[in-house]
Protein chains: 4
Amino acid sequence: MIVILKPGAPEQDVRALCGQFQAQGLSIHESTGEHTRLLGLIGDTSRVDVDSVLASPIVEAVRRVSEPYKKANRKFHPADTVVEVAGRKIGGGHFAVMAGPCSVESEAQIVEVARGVQAAGAAFLRGGAFKPRTSPYSFQGMRAEGLALLRRARAATGLPIVTEIMNTEHIPLFSDVDMIQVGARNMQNFELLKELGRLKTPILLKRGLSSTIEEFLMSAEYIMSEGNENVILCERGIRTFEPSTRNTLDISAVPMLKSKTHLPVIVDPSHAAGIAWMVEPLALAAVAAGADGLMIEVHNDPAHAKSDGAQSLTPAQFAGVMDKVRKSVEFFRGL
Amino acid sequence: MIVILKPGAPEQDVRALCGQFQAQGLSIHESTGEHTRLLGLIGDTSRVDVDSVLASPIVEAVRRVSEPYKKANRKFHPADTVVEVAGRKIGGGHFAVMAGPCSVESEAQIVEVARGVQAAGAAFLRGGAFKPRTSPYSFQGMRAEGLALLRRARAATGLPIVTEIMNTEHIPLFSDVDMIQVGARNMQNFELLKELGRLKTPILLKRGLSSTIEEFLMSAEYIMSEGNENVILCERGIRTFEPSTRNTLDISAVPMLKSKTHLPVIVDPSHAAGIAWMVEPLALAAVAAGADGLMIEVHNDPAHAKSDGAQSLTPAQFAGVMDKVRKSVEFFRGL
Amino acid sequence: MIVILKPGAPEQDVRALCGQFQAQGLSIHESTGEHTRLLGLIGDTSRVDVDSVLASPIVEAVRRVSEPYKKANRKFHPADTVVEVAGRKIGGGHFAVMAGPCSVESEAQIVEVARGVQAAGAAFLRGGAFKPRTSPYSFQGMRAEGLALLRRARAATGLPIVTEIMNTEHIPLFSDVDMIQVGARNMQNFELLKELGRLKTPILLKRGLSSTIEEFLMSAEYIMSEGNENVILCERGIRTFEPSTRNTLDISAVPMLKSKTHLPVIVDPSHAAGIAWMVEPLALAAVAAGADGLMIEVHNDPAHAKSDGAQSLTPAQFAGVMDKVRKSVEFFRGL
Amino acid sequence: MIVILKPGAPEQDVRALCGQFQAQGLSIHESTGEHTRLLGLIGDTSRVDVDSVLASPIVEAVRRVSEPYKKANRKFHPADTVVEVAGRKIGGGHFAVMAGPCSVESEAQIVEVARGVQAAGAAFLRGGAFKPRTSPYSFQGMRAEGLALLRRARAATGLPIVTEIMNTEHIPLFSDVDMIQVGARNMQNFELLKELGRLKTPILLKRGLSSTIEEFLMSAEYIMSEGNENVILCERGIRTFEPSTRNTLDISAVPMLKSKTHLPVIVDPSHAAGIAWMVEPLALAAVAAGADGLMIEVHNDPAHAKSDGAQSLTPAQFAGVMDKVRKSVEFFRGL
């Protein structure tokens, strides 16, 4: 961490500030130029509060040099993490697709979709039981009953299930869920992240709509710092000024995340654009950019879906996309 | 709501779609141009799922005409809502300032700051007990103990207290809090909003970093639709590309919100910029733009604050800002 | 175009407004709901000024239904446009790569790079003679002399040249340039677009940093409406809040543009991220998403480049990327 | 400037890099921590190309410490610049309002508006002759004829005129214009900025839609570095994700710019929101935040304006706003 001092900072105040840093176990390199004077802090600065340093009347600016995350940092764990769920692997060269409806709506629906996505090659069944909806007047999900239906679809197909949690109070309901999803709107629900960090269940963490890559990794760090290192990151589009797609898929986030962390990185092309016909090109782009997997919305009857119909594929459309995805994964593996 | 059909949509599919809308109690006006054919849906469209409509293969686009919020909508409640807390009013011409430290750190600190902000004219004491922090390695707040200290500061000064909640499980701890704050990162924590909607305590709802004004009002609607209509909205800066301030204060949101809703609207100039010296000009701009109040961070020793030191004022600085704020409120009231 | 009237608009004002629209040759469909009353304008609304309509005291909102661009619109020209330059084709299944240095720096440099990119399979030589730089103290390009050196590199290799224009006054200097580039910062330099529209030379139009896809197409329309229909669109990253890459590549823009327009669409992965090692994954993602070509920065000595060194590949690195790009284009063609 | 080296950078490469910096007249302070090694560059780094440094294979990151602008920098020119035009002053405590129509449409129109804004207290007449319009099918301005009509309005009222230039070729036409405006879309039209830097006419420079404050100041630096130091900066709204206003007024930019530069800073509340009724609250907020002036659109008949009608005030509405602005300027001067 580099602390840039204001011109003319009184020497005794500089000494006092240095004393504070040394009390935190840091050593200090000073360097003085014509217009600027710097303090380089050496040691573990992850606990230094940048804002408190900035509050000092003699400090002009502070620049971080090292990343504030540790357990998620590839520098300290160079090898890829492989997350294993019910015999299926993701990361470290293992590619996996999670598919299913936005919302679980009935036993018939979820079992039919589960069979469809299984036949097409999906490794996981996704489906929402607790639904975060912008409007209180929209369908809020079948909640505990939806979880029960997911279990039946799992029993019918053998597919492990991935489903979203919205509240710490619901954790007991999720005890036999194979992978727990934290949605974009809860990426910085820190109380939830900490509780999930105390479980062993793998966590699928989605990037917040306006979260930087560093904030995303800090949220993974929240889970990991409590002991659960089975975290999968999911890029699902960020909010920009462009109105023609619901969000803007940040495809660069895939190689950037993979350079900064050892955790698996998947892409959700359904939420990224919010448009069914765009799922295929974005899914292929994600494979080309090096993603470890995909999460895709599939519904047996999108025009009557209770949520997110506009971005859902039919099982037949999904089979077409999966065929191309499978061939692309193999092509890029051999490239 | 207007549904724009694709060119050449088969007549029988159009009839089927119209049938669906009619089954939802809507009536339909059709209009056909050279290149476009539209369906105008008349009636209560707040429950129509735009995405499902978009999933129809004959639909090109959907445009909402009426706002999806009702209880928060000024169209249906033209008069300003005045929220009253322990004898202090906000909204409808009543201006109030909430001030205090980002984090409660000790009894001495919170009581000292409470006395300082009271002397300067603040109507509420704010202070964080549960702290949402980007890093798991940062100070996480004193939690229940912090709430106890806030109560002591209230006892010492008579100032009602405002403090942030992060989780539904903590609601019992907040039973005697005067106003409960929902932070920007929890603006779309819908489970929390619904639970808070079942209380009588006034809720201070902060705008999410990348939330549109419509989404902000839909989150207020979540609380109100459960029965709690004591909601105060707080603009606190949005995330943009500009790096010189922590966030970008969306000052236009003040008049825009006040035109769309009857709820009180306040501004938090401390979080908006993240810079202590910028609190004064932004606070005055908020008054000029018509805000009903302010929330300002004040700390007895910003350079040693456990969080947000860079944006905290000392009690003396706060007194200076308050003096100008008070005069400005009066000036604009008479303008 | 749909005009949403304010509740209670006086009938005689509505009639006057309708009269104005009819005077512009439009016919009107009215529809009246419980809370809203709409006018649907039928006919050619591309000349209707939305802002003037909004200025009417009885108008609440206006929604466009049809796109404001015509010549660039795929609806009216379903077949892909193929741009042909010196025997090389782009669009309609023809994939092409343009490569070269950010800035032309010397004859030796540009000829060496031209030979390198030609050997690796580039179809065009790119190189900047007029350079838009954020700082007046940065290298501003060799200007006319740089154009002369580009011609020598073309003579030495046979590669057609692509180079950026910044001002209408320089048009005569560009008379024998094979393709003229309009940079992101000039995407809405309308005087320049109009003048380029009067030439026959193909134009490579880059998307502005914060331009929507519709604005991008309107800028193409500027060129096309003056008679020059040889326009190639280039997505090169948009400005967002994410700081880890220079810009955010909007990969969704590729399929979205290709659905809306018949013009060829290429991607510049060098400027998108601003990071040399990220060019390869982003180039492959662009191919997967359906791009018609790529523009890539290559420099013989990036660490001593006078501009954009951080994102430039060496000729050897470029050859490696090209090998993968070529195989990927073939793979996706056969998929 | 601080250069952060990659872990394990070979010593001889580090020495070579240091040699390069020393050859540019810089001295170097090294500091080495457990995981990081830094080079602090001391001296004039404004000509160091950050991208070339980043291209070195041993460099991980580069952080600027000092601002890249000099002539615009308040550090080197602490006193406020006062720009004087035809006896009217802006900056350094002098507040001025520029008002008039978006487009000049006829002699009758511009003279009528000029008289109206003069009577209400505007110090300058603004009016567009050359109009940057998103669509080639929209009214493009009266061009040279519009400039002639502005001159007549000036003759009739004595108000100095401010009007936008779009192209270097038009500079001779602007020889007797009192203040030349550079619009948001041309903020980085560097060829134009350089030519305007060779004039003596004061330049009103508008911030680009997605330009950072630093880029804005670098564009002012372009003009100033050529010799013309009469630059007025205008904040006019930036592009964000929020759709309810055309742009988002960055009110924080006012105090931030005034802290970083000695140039006058004005605000355009008309373009910022694009909504006539929002001009008043935003204008008052700008005054409260410390702006040195305002630019406001006024039209004698907004509903029939050829451009920007939605955001134009009538002369009577403008008089109402001016009355409040004048009182507010006085109030804040005395605060």
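The values are calculated or read from the model by the stated rules, or taken from the named source; none is laboratory data. Note that the coordinates shown come from a computational prediction; the quantities given were computed from them, not determined experimentally. We place every Cβ from the backbone using ideal geometry, glycine too, and count neighbours over all the protein chains shown.
Among the residues of the stretch C:141-156, which ones are surrounded by fewer than 19 Cβ atoms within 10 Å (Cβ to Cβ) and either of a type outside the set (A, V, I, L, M) or within 14 Å of chain D (Cβ to nearest Cβ) (or both)? Let's see the steps before the verdict.
Narrowing the stretch C:141-156 to residues surrounded by fewer than 19 Cβ atoms within 10 Å (Cβ to Cβ): C:143-145, C:148, C:151-152, C:155-156.
Answer for the stretch C:141-156, where residues must be surrounded by fewer than 19 Cβ atoms within 10 Å (Cβ to Cβ) and either of a type outside the set (A, V, I, L, M) or within 14 Å of chain D (Cβ to nearest Cβ) (or both): C:143, C:144, C:145, C:151, C:152.
Of the conditions (1) within 14 Å of chain A (Cβ to nearest Cβ); (2) farther than 20 Å from residue A:102 by Cβ, residue B:50 clears all except one; give me its number.
(2)
Of the residues C:301, C:323, C:268, only one is more than 14 Å from chain D (Cβ to nearest Cβ), more than 23 Å from the chain's Cα centre (by Cα) and of a type outside the set (Phe, Trp, Tyr); which?
Exactly one of C:301, C:323, C:268 is more than 14 Å from chain D (Cβ to nearest Cβ), more than 23 Å from the chain's Cα centre (by Cα) and of a type outside the set (Phe, Trp, Tyr), namely C:323.
Looking at (1) within 14 Å of chain B (Cβ to nearest Cβ); (2) closer than 20 Å to residue A:305 by Cβ; (3) within 19 Å of the chain's Cα centre (by Cα), which is the one condition that is false for residue A:165?
So residue A:165 meets the others, but not (2).
So which of C:44, C:49 ends up being free of Cβ contacts under 8 Å to residues at least 12 places away in the same chain and in contact with an Asp or Glu (Cβ under 9 Å, 6 or more places away or on another chain)?
After applying the criteria, what remains is C:49.
Could you list all residues from the stretch D:157-176 that are among the hydrophobic types (A, V, I, L, M, F, W, C), surrounded by 22 or more Cβ atoms within 10 Å (Cβ to Cβ) and closer than 21 Å to residue D:90 by Cβ?
D:159, D:161, D:162, D:165
Considering only the stretch B:1-17, state which residues are within 16 Å of residue B:60 (Cβ to Cβ) and either outside any loop (DSSP other than H, G, I, E, B) or without any contact (Cβ under 8 Å) to a residue 12 or more places away in the chain (or both). Talk me through it step by step, then tell me what you get.
Step one: filter the stretch B:1-17 for residues within 16 Å of residue B:60 (Cβ to Cβ), giving B:1-10, B:13-14, B:17.
Selection gives B:2, B:3, B:4, B:5, B:8, B:13, B:14, B:17.
So, in the stretch C:54-96, exactly how many residues are touching a helix residue (DSSP H, G or I) at 6+ places or on another chain (Cβ under 8 Å) and at negative phi?
Adding up the residues that qualify gives 18.
Quick one: how many residues across the stretch D:232-257 are more than 9 Å from every other protein chain (Cβ to nearest Cβ) and either under 13 Å from residue D:292 (Cα atoms) or of a type in the set (Gly, Ala, Ser) (or both)?
Count: 5.
From the list C:104, C:111, C:83, exactly one residue is of a type in the set (Val, Ile, Thr) and either within 13 Å of chain D (Cβ to nearest Cβ) or under 26 Å from residue C:215 (Cβ atoms) (or both). Which is it?
C:83
In this structure, is residue B:213 within 15 Å of the chain's Cα centre (by Cα), assigned by TED's automatic domain parsing to the domain that holds residue B:97 and not hydroxyl-bearing (Ser, Thr, Tyr)?
Yes.
Test each condition in (1) of a type outside the set (A, V, I, L, M); (2) touching a residue at least 12 places away in the same chain (Cβ under 8 Å); (3) closer than 22 Å to residue B:114 by Cβ for residue B:175 and report the one that comes out false.
(2) is the only condition that residue B:175 fails.
What residue, among those in the stretch D:57-95 that are acidic (Asp, Glu) and part of a strand (DSSP E or B), is nearest to the chain's Cα centre (by Cα)?
In this case the residue turns out to be D:84.
Determine which member of the set A:298, A:321 is modelled with pLDDT of 95 or more, more than 24 Å from residue C:334 (Cβ to Cβ), among the hydrophobic types (A, V, I, L, M, F, W, C) and assigned by TED's automatic domain parsing to the domain that holds residue A:209.
Values: A:321 fails: more than 24 Å from residue C:334 (Cβ to Cβ).
Answer to the check: A:298.
So is residue A:33 touching a His at 6+ places or on another chain (Cβ under 6 Å), facing chain D (nearest Cβ under 10 Å) and free of Cβ contacts under 8 Å to residues at least 60 places away in the same chain or not?
no
Enumerate the strands (runs of 3 or more DSSP E) found wholly within the stretch D:178-245, keeping only those where 1 or more residues are on the phi > 0 side of the Ramachandran plot and in contact with a strand residue (DSSP E or B) (Cβ under 7 Å, 6 or more places away or on another chain).
Once the strands (runs of 3 or more DSSP E) in the stretch D:178-245 are filtered for at least 1 residues that are on the phi > 0 side of the Ramachandran plot and in contact with a strand residue (DSSP E or B) (Cβ under 7 Å, 6 or more places away or on another chain), nothing remains.
Taking the stretch A:51-92 only, how many residues are over 16 Å from residue A:258 (Cβ atoms) and either in contact with a Cys (Cβ under 7 Å, 6 or more places away or on another chain) or among the polar types (S, T, N, Q) (or both)?
Of the residues in that region, 3 qualify.
Are there any pairs with C-beta distances below 7 angstrom linking a residue in the stretch B:109-133 that is not assigned by TED's automatic domain parsing to the domain that holds residue B:327 to a residue that is acidic (Asp, Glu) and assigned to a loop (DSSP other than H, G, I, E, B), with the two at least 6 apart or on different chains, and if so which?
Correct list of pairs: empty, since none qualify.
Can you find, within the stretch C:8-30, the residue that is surrounded by the fewest Cβ atoms within 10 Å (Cβ to Cβ) among those that are facing another protein chain (nearest Cβ under 10 Å) and closer than 25 Å to residue D:140 by Cα?
Only one residue fits best here, namely C:20.
If I ask for residues that are facing chain B (nearest Cβ under 10 Å) and over 26 Å from the mean Cα position of the chain (by Cα), which ones from the stretch A:304-320 would you list?
Result: A:304, single match.
Determine the pairs where a residue that is closer than 16 Å to residue B:249 by Cβ and more than 9 Å from chain A (Cβ to nearest Cβ), located within the stretch B:187-212, has a partner that is assigned to a strand (DSSP E or B) and not acidic (Asp, Glu) with Cβ atoms under 6 Å apart, the partner being 6 or more residues away or on another chain.
Going by the 6 Å Cβ cut-off, the qualifying pairs are B:206/B:234.
Out of the residues in the stretch D:254-286 meeting the condition of being assigned to a helix (DSSP H, G or I) and of a type in the set (Gly, Ala, Ser), tell me which one is surrounded by the fewest Cβ atoms within 10 Å (Cβ to Cβ).
The extreme case among them is D:259.
Condition first: polar (S, T, N, Q) and surrounded by fewer than 22 Cβ atoms within 10 Å (Cβ to Cβ). Now tell me which residues in the stretch C:182-209 satisfy that.
Taking the stretch C:182-209 first, the residues polar (S, T, N, Q) are C:186, C:188-189, C:201.
The one that is polar (S, T, N, Q) and surrounded by fewer than 22 Cβ atoms within 10 Å (Cβ to Cβ): C:201.
Could you list all residues from the stretch B:138-177 that are of a type in the set (Lys, Arg) and either modelled with pLDDT under 95 or not in a helix (DSSP H, G or I) (or both)?
B:143
Going by what's in this entry, would residue A:130 be described as touching a Lys or Arg at 6+ places or on another chain (Cβ under 8 Å), buried (at least 20 other Cβ atoms within 10 Å of the Cβ) and part of a loop (DSSP other than H, G, I, E, B)?
When the stated conditions are applied, residue A:130 passes them.
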